[in-house]
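Contents: one structure, followed by commentary.
The values are calculated or read from the model by the stated rules, or taken from the named source; none is laboratory data. Only a predicted model underlies this, so the values are computations on that prediction, with no experimental measurement involved.
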Amino acid sequence: MEKIKYFFEKHAFGVCSYLGERFGISSSTIRLYFIYTSFITMGSPIIIYLCLAFWLNMKKYLAKGKRKTVWDL
């Protein structure tokens, strides 16, 4: 079961797992809050989720080409 969970978290956007690690909360709890608030507010947290996913994806790609100093090759 852990392998399946890891596969989906790695290949999906990973927003909930990132937020869980960042704030020290279980990622399943964050997923439940996203689901509940999506039902209550007619889907507006989905927009926030997609924006966070885009930001995390861009952050991952920008961090690869980043050098520490001017003298690093």
Qualifying position, being at pLDDT 85 or above and hydroxyl-bearing (Ser, Thr, Tyr), among Ser38, Ser44 = Ser38
Selection status of Tyr49, under 21 Å from Lys5 (Cα atoms), at pLDDT 85 or above and part of a helix (DSSP H, G or I) = no
Which residues, taken from segment 20-36, are within 19 Å of Glu2 (Cα to Cα) and either among the aliphatic types (A, V, I, L, M) or assigned to a helix (DSSP H, G or I) (or both)?
-> Gly20, Glu21, Ile25, Ser27, Ser28, Thr29, Ile30, Arg31, Leu32
